[in-house]
Amino acid sequence: MLSKIDSMYNFKHIWHLTYPIILTLLAQNLVNLTDSAFLGRVGEVELGASALAGVFYLAVFVVGMGFSSGSQILIGRRNGEQNYRQIGEVFNQGMIFTLLLALFVFLLSFFFAAPLMRSFVHSHAVCNATIEYLNFRIFGFFFAFINLMFRAFYVGVMRTKVLTLSAFITTGVNVLLNYPLIFGHWGLPRLGIGGAALASVIAEAATTLFYFIYTCKAVDTKRFGLFEMHRFSWQTVRQILDISLFIMMQIFLSVSTWFLFFMFIEQTGERPLAISNIIRSLYSLLGLPVMAFGQTISTIVSNLIGEGRSDEVLPTIRRQFRVALGAVIPVAIFAALFPKLLASIYTDNSELINAAVPSMYVFCGVLFVFAFGCIWFNALSGTGNTRMALLFDMTTLVVYMAYNYVVNFVFHWSVAIAWMSEIVYWLGLGIMCYLYFHFGNWKARKI
């Protein structure tokens, strides 16, 4: 006779929960890929600038991502408890707060992004192109933050199939508009790097419209109390923030240090920066199955604890890690065998392609430790103990930045060796989370 965990969270069930998340992440990364692929044909400056602008946007975007992750964990816990009206309360209040948050980060970016770039970016050409991109891109915060709350709801209640449709819409609209807006075809203005940013914003807006229509048509909104905006409840928002604040801080610190990593690389020249943009885009694209399995394990852990099945958490995490590792192996082998083929997606410059090969080999090794660290770290967040997750991440980031400083400014080693910092980060983070699950008191956390 199968146990509950074997019958409910076997590979088939995990896959049905995960593959729509994979497609959603794929859509987001295909937006970045198409931007990079088109801009790589414009020039190395535009390719490198899109990397800096993309990481800056991500560093601000993750503030909303962190809040929605806390909402997702709380929704998952209430779903496990079958407290459906509370799910709607979390969603409604979270939607109000996340729009205020979007306005706040938009205003910060509007006034301070350009001065920040001028202060830190060495190349004037790269700096100007980065600012041009961000002048369009920051308008996407409003739509992107709304989409994050919808995704938190659907992942939290384990109805992830809708994410597949949203993924096709996001990708389709972006691909359709990228070419004419960048190069000025079909009667549209030639906007260059700004056109790539504008296409992304329109794609996010189309996805927001889809989520609203789909939710009203396909979800029992009365059962959950969705869109019942009676009043703003600081108590509910504070409950979400009790979980999400540490996630927001953790993700912001992680991406900010990654932004500094690209700043370090930019100081060494435009060629290393262009190589790093290629690796960054491939990282986001080929590593997305691991990211999706990480999001899934966070929700599963939260639901299991809500159902009173804490003893099943560790076996489920181990199973999820094996599945994620199985997804990584063929990807890493393909990347190791055909590095030039993958690099040619982003540029037709043969010298740049050849220069990127050593970093591609390092990237293949990164994927394995990424699977280990990502699964165990997301599982820890799923317990609701986000304070401990933040502590572990901060500890690892100190070592990560020290490594990058020494590699880039003390020994002046290659960009490939600089990318080995990702191995340092994910291995250290994964080990700390693994030890905490086996020796820490994670079951005592109540949310």
Quiz item: How many percent of the accessible area of the stretch 105-219 is carbon or sulfur, using a 1.4 Å probe?
Solution: 71 percent
Practice problem: Kindly identify the stretch 247-351 as rounded, prolate or oblate by the Cα gyration tensor criterion: order the square roots of the eigenvalues as a ≥ b ≥ c, call it rounded if a/c is under 1.5, otherwise compare a/b with b/c, prolate if a/b is larger, else oblate. | Solution: oblate
Practice problem: Report, by chain and number, residues whose modeled amide H sits under 5 Å from the one on Glu81, excluding near sequence neighbours (fewer than 5 apart, same chain). | Solution: none
Self-check item: In order through the stretch 103-108: 3J(HN,Hα) via Karplus (6.51 cos²θ - 1.76 cosθ + 1.60), integer Hz, x for Gly, Pro
Solution: 4, 5, 6, 5, 5, 4
Exercise. Using only alpha carbon pairs under 8 Å that are at least six residues apart, calculate the relative contact order of the stretch 313-433 and give it in whole percent.
Key: 32 percent
Practice problem: For the stretch 272-418, build the charge dipole from Cβ charges (+1 Lys, Arg; -1 Asp, Glu) around the Cα centre, then report which of Ile305, Ala371, Tyr405 sits farthest towards its positive end. | Solution: Ile305
Practice problem: Determine ³J(HN,Hα), in whole Hz, for all residues of the stretch 384-393 in sequence, where each value follows from phi through the Karplus function 6.51 cos²θ - 1.76 cosθ + 1.60 and θ = phi - 60°; x replaces Gly and Pro. | Solution: x, 8, 6, 5, 5, 4, 5, 4, 4, 5
Quiz item: Which order, highest average first, do 388-397, 419-428 follow once you tally other Cβ atoms within 10 Å for each residue and take the mean per peptide?
Solution: 419-428, 388-397
Quiz item: Any idea how far apart Val399 and His438 come out in nm if each label point goes 7 Å out from Cα toward Cβ?
Solution: 1.6 nm
Practice problem: Pairs of Cα atoms under 8 Å, at least six residues apart: use those to get the relative contact order of the stretch 170-305, whole percent. | Solution: 12 percent
Quiz prompt | GNM top mover of Pro115, Pro272, Pro180 - the chain, alpha-carbon springs below 10 Å | solution = Pro115
Self-check item: Modelled label reach - Ala218, point 7 Å along Cα→Cβ, the stretch 159-184 residues with backbone N closer than 12 Å
Solution: 159-169
Quiz prompt | Test item: Cα-centred dipole of the stretch 307-387, Lys/Arg +1 and Asp/Glu -1 on Cβ, debye | solution = 220 debye
Self-check item: Structure-based [θ]222 nm, the chain - -39500 (n - 2.57) summed over DSSP H runs of at least 4, per residue, nearest 500
Solution: -28500 deg cm²/dmol
Quiz item: So if we plug the beta-carbon distance of Asp348 and His124 into 1/(1 + (r/R0)^6) with R0 = 30 Å, what FRET efficiency do we get, rounded to 0.05?
Solution: 0.75
Self-check item: Size of charge dipole - the chain - debye, nearest 20, with Cβ of Lys, Arg +1 and Asp, Glu -1, no other charges
Solution: 1180 debye
Exercise. Please label the shape of the stretch 186-298 as rounded, prolate or oblate, based on the square roots a ≥ b ≥ c of the eigenvalues of the alpha-carbon gyration tensor (a/c under 1.5 means rounded; beyond that, a/b larger than b/c means prolate, else oblate).
Key: oblate
Practice problem: Using the Karplus curve 6.51 cos²θ - 1.76 cosθ + 1.60 with θ = phi - 60°, work out ³J(HN,Hα) for each residue of the stretch 81-93 in order, rounded to whole Hz, and write x for Gly and Pro. | Solution: 7, 6, 9, 6, 5, 5, 4, x, 5, 4, 5, 5, 5
Practice problem: May I have the count of lysine pairs in the chain with C-alpha atoms under 21 Å apart, counting pairs 8 or more residues apart or located on different chains? | Solution: 5
Quiz item: So how strong a dipole does the stretch 214-325 carry about its Cα centre when Lys and Arg Cβ are +1 and Asp and Glu Cβ are -1, to the nearest 20 debye?
Solution: 220 debye
Practice problem: Determine the distance separating the Cα centre of the stretch 390-408 from the Cα centre of the stretch 91-142; give it in Å without decimals. | Solution: 25 Å
Quiz prompt | Global geometry of the stretch 314-416, whether rounded, prolate or oblate, following the gyration tensor of its Cα atoms and the 1.5 cut on a/c | solution = oblate
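The values are calculated or read from the model by the stated rules, or taken from the named source; none is laboratory data. Predicted model, so just to flag it, every value in this text is computed and none were measured. As a convention, Cβ positions derive from the backbone with ideal geometry for all residues, glycine included, and neighbour counts pool all protein chains shown. Surface areas here come from the heavy atoms of the whole protein model, side chains and all, with no ligands, DNA or RNA. Shrake-Rupley method; radii C 1.70, N 1.55, O 1.52, S 1.80 Å.
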